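A short worksheet on the structure shown next.
Values in this text are rule-based calculations from the coordinates and carry no lab data. These numbers come from a predicted model, not from an experiment. For neighbour counting, all protein chains shown are included, and Cβ atoms are generated from backbone atoms with ideal geometry for every residue, glycine included.
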C-alpha cells in the first residue's frame, strides 16, 4: 500500500532549487525590486487596497508553507485569518493596546486553535485533509455566528481602533498606516522564508515528496505536519489581524469558507511551492476584485471562478512557477 | 416520546437530502477519485431549475423529479467532458480545486441572474398537511421526502449490486487497478458515472425546492455538511455515505430541538470524534498512510 502512495501523482511544483544554485546577483535584484514595489505601492493604488494586497500576500505565503512545502492543502485557513481578525479586534477594542500588540495576540490565538485542528486533521492526508480542515474551519464560523455577545454576530466587530503608540498620523491616514504595517508583513514573509529554508523546512519537503521515506529516516511525520500547520496558522493570523485593523472591522465573512478558497486561489495562481508567487497572486486578485467592485459588476465569483478553472486546467504551476522555470531553462539548457 | 418521534421524522427528512447527495459524491469519488466540490452548487442548480421549469413552462413537481435529474445528468456529462477529464490521473486535489472554481462561477451566475432572495416554489396539494400515526403527527412532505429518498437509495443499491454496470462501479471503487487488469474498460464508465452523481445532487435539490428557500447560496453550507457526512461515513464507502447522511440529518434535527445554538456545531464535533476514534470513517476502509 505504501509503495502505491509514494508513486501517486504529486502536486506540480516548479523545479526545486538545486543546492548551491541561485547564489547570484539575480536574486538580490529581485529582492530589491520587490522592496521598492512594496514601498511605492500606496502611491499608485489606494492605500487600503495596497494594505489588502500585503495582507493577502502574507496569508497566501503562510498557506504555501503547508501546500507547497508540506504537500497539505488546508481549506480551513479562514479559521486562522478570521479567528485572529476577531481576537485582534477584541484586544484592540477592549485593551486599547497599539495595533502590533493586538495583532500578536490574534496570531497567538490562531496558533492555539490550530493545534487541536492540526492534531485531528493530520490523521487524514490528501483530499481528506482538505475536507476535514474545511469542515473545522466552518465550525469556527458557526461558533462566531452563535457567540453574538462577543463577536457581534452578523454585525461583526465595528470601529476597531488603529492605535500606534500614540502616533496620530498613522491612526488617521491609511497612507501612513500602510508604512506602519509594512514591517509586520515583511517580517512575516521573512519568517516564512526562514521556515522553508531551515533544516525543518527540508524535512517538510521530504515529507511532501515521500512521506514513507521520511518516516523510514526516523522523522515523526505527523508531528512535523502539525508544527508546519501551527506555524502557517500563526502567519495567517498575523495577516488576518492586520486586515481587520486596516478595515476597522472584523466580519463573519473573514471566517467563511470562501475566504479559505480565496487564499488557495491566490496561492495557486501565484504558483505553489514558490512562496513569492503569493505576492503576485494577491496583487492580481485584490486589484481585479477592486476593479470589478468599483465598476459596479455584480458577481465577482463569475470572474474569479473562471480564472481559477483556467489556472487549474492549463496553468498549474502558476505565474511565478512558470516564470521561474522559463528563466532556469534559458540559463541552463 | 412524541417529541422524539417528531424530531426523528424531521431528522430523517433532512438526512434524505444529505444521503442522496452524499451517495452521488461517493459514487463519483469511487470511480473517478474526484471529490466534487461543486456538489452543493449542483444541489442548488437542481432546485433552481425546478423552480424555473415550474415558473416558465408550468412543469410541476412530479415531472421535475424526473426531468431535472436528466438535465443535471447532461450538465454533469458536459462538465466531465470539458473539464474534469483533463485532470483525472493528476493529483486529486486539482479536481477539488477545479470544482471549487466551478462552484464560485455557478453560485455567482445564479446570484447575478436571480438575485439573493429566494425563488418561490409551490408544493403539490397532495403533499400538504399532516399524517396522524397514533399520537404522532408527521408532515406529509417530510414523510414523502424520506420514503422517496430511501426508494432511490434502494434503487441505486439494486443497480450497483444486480447489474453489470454496478459491478464495474463497485469493483473500480474498491480496486481500480485490479479492475483494469481484468480487462474492464473503467474509462468508458467515467462520464456516465459522473453525470449520474450530479443527477443525484440535482434530485436532492428538487426534493428541497418545496421545503427550503431556493437561493444561490443554498448549497454553500450544504456542501460543507456533505463533506462532514462523507468523512463520517468513510468516503470510500457508498453505504457509509448514505448511513452517515441520515445520521447527520438526525444529529442536526435533535441539535436544533434541544440545543439550537449548537445544532450546526454538533455535526463537526461528531466528525472530530469519528476522526479521533476511526480515522477511516464509520464504514470506510483503513487508509494507507
Within 10 Å of each Cβ of B:106-114, how many other protein chain Cβ atoms are there on average?
4
What is chain A's relative contact order, in percent, from Cα pairs under 8 angstrom and six or more apart in sequence?
32 percent
Average beta-carbon neighbours from other chains, 10 Å sphere, peptide A:135-144:
6
Hey, fewest Cβ within 10 Å first, where do B:212, A:25 land in order?
A:25, B:212
Determine the relative contact order of segment A:160-283: mean sequence separation of Cα pairs under 8 Å and six or more apart, normalised by residue count, in whole percent.
21 percent
Who wins for biggest fluctuation among B:127, B:102, B:239 in a Gaussian network model of chain B, springs between alpha carbons below 10 Å?
B:127
Under a 10 Å cutoff between Cα atoms, tell me which one of A:51, A:169, A:90 has the largest fluctuation in the Gaussian network model of chain A.
A:169
0 to 90° range, to nearest 10: angle between helix A:300-314 axis and chain A longest Cα axis:
10 degrees
Once every DSSP H run of n ≥ 4 in the protein assembly as shown is given -39500 (n - 2.57) and the sum is divided by its residues, what mean residue ellipticity at 222 nm do you get, rounded to the nearest 500 deg cm²/dmol?
-24500 deg cm²/dmol
Sort B:114, A:256 so that the residue with the fewest other Cβ atoms within 10 Å of its own Cβ comes first and the one with the most comes last.
B:114, A:256
Can you bin segment B:1-105 into rounded, prolate or oblate? Criterion: square roots of the alpha carbon gyration tensor eigenvalues sorted a ≥ b ≥ c, rounded for a/c under 1.5, prolate for a/b above b/c, oblate for the rest.
oblate
Please say if segment A:250-300 is rounded, prolate or oblate, where rounded means a/c under 1.5 for a ≥ b ≥ c the square roots of the C-alpha gyration tensor eigenvalues, and otherwise the choice is prolate for a/b larger than b/c and oblate otherwise?
oblate
With a cut-off of 8 Å between alpha carbons and a minimum separation of six or more residues, what is the relative contact order of chain B in percent?
38 percent
For segment B:175-200 and segment B:211-289, what is the centre-to-centre distance using only Cα atoms, to the nearest Å?
26 Å
Debye log10 I(q)/I(0) for segment A:41-256, one point scatterer per Cα, at q = 0.14, 0.15, 0.16 Å⁻¹
-0.80, -0.90, -1.00
Please report how far the C-alpha centroid of segment A:275-333 lies from that of segment B:71-136, rounded to the nearest whole angstrom.
27 Å
Hey, got the average number of other protein chain Cβ atoms within 10 angstrom for residues in B:259-266?
4
Report the Cα centroid-to-centroid distance between segment A:158-194 and segment B:1-46 in angstrom, as an integer.
45 Å
Rounded tilt (10° steps) of B:186-208 against the dominant C-alpha axis of chain B:
10 degrees
What is the fewest-to-most order of A:247, A:94, A:77 by other Cβ atoms lying within 10 Å of their Cβ?
A:94, A:247, A:77
What is segment B:2-218 by shape, rounded, prolate or oblate, if you read a ≥ b ≥ c off the alpha carbon gyration tensor as root eigenvalues and call it rounded for a/c under 1.5, prolate for a/b larger than b/c, and oblate otherwise?
oblate
Cα-Cα pairs in segment A:287-327 separated by more than 11 Å, as a whole percent of all pairs, come to 68 percent
Helix B:263-277 versus the longest principal axis of chain B: what is the Cα-based angle in degrees, 0 to 90, to the nearest 10?
30 degrees
